[in-house]
1. Extending each Cα 7 Å along its Cβ direction at residue 59 and residue 104, get the distance between those two points in nm, one decimal.
2. Which residues' amide hydrogens lie under 5 Å from the amide hydrogen of residue 111, considering only partners 5 or more residues apart or on another chain, with H built in the peptide plane?
3. Using the Cβ atoms and a cut-off under 13 Å, what net charge is assigned to the surroundings of residue 85, where Lys and Arg are +1 and Asp and Glu are -1?
4. Can you tally the net charge around residue 100? Count Lys and Arg as +1, Asp and Glu as -1, for every other residue whose Cβ sits under 13 Å from the Cβ of residue 100.
Amino acid sequence: MTKEARGRGSATTIDDLPDSLRIALRSGFRAAYWFGDRVDAGADSDDAESQQAYADGKRLAEAVSMLISADLADYGADTAHYDRVADELNERYGSDVVVRADERSGSLGPGFRPRSDP
């Protein structure tokens with residue numbers, strides 16, 4: 001594990017991550033999110049971390065899409081799947097980078113945690 005990867009545990013939003021990871025995560029998310037134009041151009045960088053971040057962004061977008069489009073019969077399973085993805089990405093990128101399902105309220109929805117207002 002690189003020194004940069006070890007220091008990621010303190011990230012509290014996606015904006016706290018290094019540019020290459022932040023861009024790759026957001027690009028992957030945009031490529032797979034159902035509510036927008038899908039442009040799957042791949043990660044901007046060929047390094048393994050950026051490729052993994054791009055794939056992780058796509059996985060998160062797919063989990064968010066499942067959660068948003070779930071009917072009541074599937075909602076519990078889709079919420080559990082979303083939380084598994086969120087937990088994995090929070091472990092990889094920082095403890096608060098992805099919002100867990102039980103944290104959603106008001107303006108805080110599923111996906112990447114936005115930067116808090118000062």
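1. Inter-label distance under the simple model: 2.0 nm.
2. Residues meeting the amide H criterion: 99.
3. Numbers: positive: 58, 59, 84, 92, 100; negative: 56, 62, 78, 83, 87, 88, 91.
Taking every Cβ under 13 Å from that of residue 85, the sum is -2.
4. After counting each charged neighbour, the total is -4.
Values quoted throughout were computed directly from the atomic coordinates according to the rules given, and no laboratory measurement underlies them. Since the model is a prediction, treat every value here as computed from it, not as a measurement. Neighbour counts are summed over all protein chains in view; Cβ atoms, including those assigned to glycine, are modelled from backbone coordinates with ideal geometry.
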